Amino acid sequence: MPRRRSPEKRKVLPDPKYKDLVVAKFMNHIMKDGKKSVAEKLFMVLLIALIKRLRLIQ
């Protein structure tokens with residue numbers, strides 16, 4: 001039995017650029033060593049590449 005109470009779960013705030021909770025959770029998932037800015041850049045590059053590919057298919 002722990003002596004301290006268990007910490008409260010923090011709410012994930014939505015992404016400031018897209019205002020979407022799923023985007024924020026995905027960026028938190030790909031983040032390494034707490035470097036959120038690197039994860040944001042990686043996500044933006046990924047999103048741009050995906051948009052370009054979808055335009056080529058159509």
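The values are calculated or read from the model by the stated rules, or taken from the named source; none is laboratory data. Please read all numbers here as calculations on a predicted model, not as lab measurements. For neighbour counting, all protein chains shown are included, and Cβ atoms are generated from backbone atoms with ideal geometry for every residue, glycine included.
Taking the criterion of being in contact with a helix residue (DSSP H, G or I) (Cβ under 9 Å, 6 or more places away or on another chain) and not aliphatic (A, V, I, L, M), the residues of region 1-15 that qualify are 14, 15.
Conditions (1) at pLDDT 90 or above; (2) surrounded by 10 or more Cβ atoms within 10 Å (Cβ to Cβ); (3) over 10 Å from the mean Cα position of the chain (by Cα), marked per residue:
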| site | (1), (2), (3) |
| --- | --- |
| 1 | no, no, yes |
| 18 | no, yes, yes |
| 21 | yes, yes, no |
| 26 | yes, yes, no |
| 35 | yes, yes, yes |
| 41 | yes, yes, yes |
| 46 | yes, yes, yes |
| 50 | yes, yes, yes |
